[in-house]
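Below you'll find the structure, written out as structure tokens, and then a few comments.
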Number of protein chains: 2
Amino acid sequence: MADEVSTPPSQVVQTATTKVHDVIKQRILDGHYQPHEYIREANLARELEVSRTPVREALRELVSEGWLEAIPHHGSRVVAWTEKDAREVFELRLVLEPMAVRLASERMNEECLAHLGAMATRMEQLTERVEADPSVRNEIASLNHEFHRELILASGNQRLATMLESVVRTSVIRRNFGNYDLTNLRRSMRHHQEILEAIRAGSPAWAEHIMRAHLLAAQALHFRFPVAPDG
Amino acid sequence: MADEVSTPPSQVVQTATTKVHDVIKQRILDGHYQPHEYIREANLARELEVSRTPVREALRELVSEGWLEAIPHHGSRVVAWTEKDAREVFELRLVLEPMAVRLASERMNEECLAHLGAMATRMEQLTERVEADPSVRNEIASLNHEFHRELILASGNQRLATMLESVVRTSVIRRNFGNYDLTNLRRSMRHHQEILEAIRAGSPAWAEHIMRAHLLAAQALHFRFPVAPDG
DNA sequence: GCTCCTGACATTGCATGCAATGTGGAAGGT
DNA sequence: ACCTTCCACATTGCATGCAATGTCAGGAGC
């Protein structure tokens, strides 16, 4: 009855369910699905040319991950973000990301540090081109996301990484560096470099507090330009 | 295509999927399912007299929540806990629970505080009966869990509560106050009372630091009596 | 005796049909 | 005009059958 396994393969295969899962998540991120919009099983099944079963399973997973909310016998819809949600996310990031940086600074290796440094430098260079070509903001936002992500992974705490992933990714939908003027953008980039300096200097406390300042600066800007009331 | 809804009922109904979900979770908690044991869809469906569909959906949800791990085309099995998992959970609790207490102390109302006080007092009374009747340890453990849970909910941060729920509940499986001698048990109970005193005194910092000490004491005991190597 | 191949078995992945449930609107009464 | 009742429709919830895939034992070849 209780069978053990020899080797858990855990290889990455693309089943219909995972495909549907990724499609829905992408559509939420790029705004194809609006907040509070219902996602109907039959519609999506027809469109993606699969049966309702993998669609149902993907929807269940997305509900568990916090992307959708399910109302029994009525359907699953995209969650809408309120100011309370924004406050909760900031409170959590303000505690979890400094923690991640502190742990990372104790466990960092040279290779990872070099990669992070390259990203930070690239972002600084791009920042000086923002006024000439506003489209580089997207590239900066993408690099910024990757920078934070890699820093968190370097903490060596897988649960922490998973939590922050779900917390952060949902908060950056359609909200990148659009509000940052050049002064704030430059400061943000300097923070990245200073975090790495603190790690190189072997000072977890320095790294932790710069990260906290980095987030508080972002928070101040956020509440200066609040989101439109979605729900 | 994009339909809005008037009132999201969100009422609690007991579908077959939720029933299976709860049964599996309970069986993991009480040890009926061993770590690394595979849960077969067909077996459970026969036993609970439902079809494989709700079983499959429940398994998917439990995988997303971290109770099970899925190997494609091979099945879902109970996660096994290593010392690395224990370290990760302690690191997270050590940051999240003090945060929760700090927030709770800023938003606490009288009714909740009274209820917490009653639980803390009850636990202290039970502690003095442990030597005469060891079975009260279970009741203390249960009250302790409820105490922490209510304190966390009082933080007013729903995401924080959800995260801590998933982090803490998985770590207390078959590991309650069995290792605590009377001295440590008494100290633990005094910590509870002191947390409430700090909240009443209007000192979030005091509350936060006592909670941290409370967890570090528990951590010291844990690594004094490590778990058997499960996996 | 050891290795590699092959085929049967067990298990999950997916499709489809029917049942259960919630919603909205039409019809009838007041 | 307004409220209530009831029925048809839309949608999800569940059951079942078949397809795809992974595992493992047994046998052929060396």
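Count of the stretch B:29-51 residues, restricted to those that are β-branched (Val, Ile, Thr) and either assigned to a helix (DSSP H, G or I) or in contact (Cβ under 8 Å) with a residue 60 or more places away in the chain (or both), is 0.
Flag: A:Val101 does not match the condition of being open to solvent by less than 10 Å² (accessible area, probe 1.4 Å) and within 16 Å of DNA strand D (Cβ to nearest atom). Residue count for the stretch B:1-28, restricted to those that are assigned to a helix (DSSP H, G or I) and modelled with pLDDT under 85: 0. Residues that are within 14 Å of DNA strand C (Cβ to nearest atom) and in contact with a strand residue (DSSP E or B) (Cβ under 6 Å, 6 or more places away or on another chain) were ranked within the stretch A:16-46; the one that is most open to solvent (accessible area, probe 1.4 Å) is A:His36.
Restricting attention to the stretch B:52-86, the residues that are open to solvent by less than 20 Å² (accessible area, probe 1.4 Å), free of Cβ contacts under 8 Å to residues at least 24 places away in the same chain and more than 11 Å from DNA strand D (Cβ to nearest atom) total 0. Taking the condition farther than 30 Å from A:Leu94 by Cβ, touching a strand residue (DSSP E or B) at 6+ places or on another chain (Cβ under 8 Å) and open to solvent by 20 Å² or more (accessible area, probe 1.4 Å), does B:Glu49 pass? Judged against the criteria, B:Glu49 is not a match.
The values are calculated or read from the model by the stated rules, or taken from the named source; none is laboratory data. Not measured: the values here are computed from a predicted model. Heads up, the Cβs are rebuilt from the backbone with ideal geometry, glycines too, and the neighbour counts pull from every protein chain shown. For accessibility, only protein heavy atoms count, side chains too; no ligands or nucleic acids. Shrake-Rupley method; radii C 1.70, N 1.55, O 1.52, S 1.80 Å.
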